[in-house]
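Working notes, structure below.
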Amino acid sequence: MGCTIREVLDGRIPNDTAAQTDSFGMISANQHRFGESGSLLDLGAGTGQSYETLKAILPQHRYVGLDIEGSPEVLNRSREDLEFLTYDGVTMPCETASFDVVFCKQVLEHVRHPDAVIAEVARVIRPGGIFVGSVSQLEPYHSHSIFNWTSYGIVQVFGDHGLEIAELRPGIDGVSLTLRRLLGREKFNSFFHFEGLFNHFIDANARGKPARQANFQKLLVAGHINFLAVKTG
């Protein structure tokens with residue numbers, strides 16, 4: 001008999017807080033998992049817009065950006081002070097076990113061959129290294145998005161490639177993202193920075209209960225899911 005979603009996620013949902021977060025917040029909440037120094041690959045780096053925030057959180061990590069050659073973000077890239085690599089969307093031009101951290105913010109929903117890319121992520125991370133980031137679940141179509149992920153899917157697909165999910169946290173909820181799409185971005189952009197509309201509703205109903213319970217409910221209706229996985233073996 002198959003496991004329930006609660007059983008699959010058991011032990012992977014934190015109980016410290018139910019606050020909505022993002023991929024940078026995942027690093028901050030798990031600072032103890034990252035070494036004082038190391039190498040970091042920014043998968044889907046685009047213009048390199050994540051560098052400054054990553055540098056503030058992990059100041060001693062060497063940054064390398066990776067993206068496909070013709071993405072709109074890459075075409076708009078202007079900075080020349082960072083190391084950037086290009087790839088074909090599957091095979092990464094990196095040595096095996098060459099990175100301590102792979103960071104991936106809102107990229108995997110745009111990937112045409114997710115299993116192949118996740119396998120490459122696992123290849124380039126050293127044993128014990130970290131894959132951290134965020135991905136869309138209940139988010140409307142945007143910027144050539146192809147697939148949406150679920151918490152269950154993240155655990156299963158990552159696990160198939162030796163990336164054990166250690167923690168999942170909710171991002172902005174799907175209701176807020178849908179309204180943002182229908183009614184205009186500017187009206188709802190602020191909900192990326194504090195609890196979205198439906199996340200507020202969940203918090204109200206979970207008042208006085210363990211944070212883990214609210215986190216579980218938020219993950220079920222999350223627009224974005226934040227993940228942290230550890231490379232086994």
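The values are calculated or read from the model by the stated rules, or taken from the named source; none is laboratory data. Note that the structure is predicted; figures quoted are calculated from it, not measured. Every residue, glycine as well, gets a Cβ built from its backbone with ideal geometry; the counts of neighbours run over all protein chains shown. Heavy atoms of the whole protein, side chains included, go into the accessibility calculation; ligands, DNA and RNA do not. Shrake-Rupley method; radii C 1.70, N 1.55, O 1.52, S 1.80 Å.
Worth pointing out:
- For the stretch 82-170, the relative contact order is 29 percent, taking Cα pairs closer than 8 Å that sit 6 or more residues apart in sequence and dividing their mean separation by the residue count.
- Over 23 Å apart at the Cα level, from the set Lys105/Lys218; Lys187/Lys209; Lys105/Lys231, are Lys187/Lys209.
- Pairwise centroid distance, computed over Cα atoms, of the stretch 90-125 with the stretch 158-210, Å: 24
- Relative contact order %, the stretch 118-170, counting alpha carbon pairs below 8 Å whose residues are six or more apart: 37
- Gyration tensor over the Cα atoms of the stretch 47-110: the corresponding equivalent ellipsoid has semi-axes (square roots of 5 times the eigenvalues, largest first) of 18, 16, 12 Å.
- Normalised Debye scattering of the stretch 1-85 at q = 0.12, 0.15, 0.27 Å⁻¹ gives log10 I(q)/I(0) of -0.52, -0.71, -1.31, counting only Cα atoms as equal scatterers and leaving out solvent.
- Summed side-chain charge close to Leu9 - residues other than Leu9 whose Cβ falls under 14 Å, Lys, Arg +1, Asp, Glu -1: +1
- The chain - percent of accessible surface contributed by carbon and sulfur, probe 1.4 Å: 53
- Which label in [x] 23.7; [y] 18.1; [z] 21.6 gives the computed Kirkwood radius over Cα pairs in Å: [y]
- Looking at the stretch 1-97, the trypsin sites (Lys or Arg not before Pro) that sit in a DSSP loop and have at most 14 other Cβ atoms within 10 Å of their own Cβ are Arg79.
- Once C-alpha pairs closer than 8 Å and six or more residues apart are averaged by separation and normalised to the residue number of the chain, the relative contact order reads 26 percent.
- Only beta bridges with both residues in the chain are counted; by DSSP, about 45 percent of them are antiparallel.
- Cα gyration tensor category, rounded, prolate or oblate, for the stretch 110-228 with a/c compared to 1.5: oblate
- Linear extension gain, Asp16 paired with Asp88, 0.36 nm per residue minus alpha-carbon span: 21.9 nm
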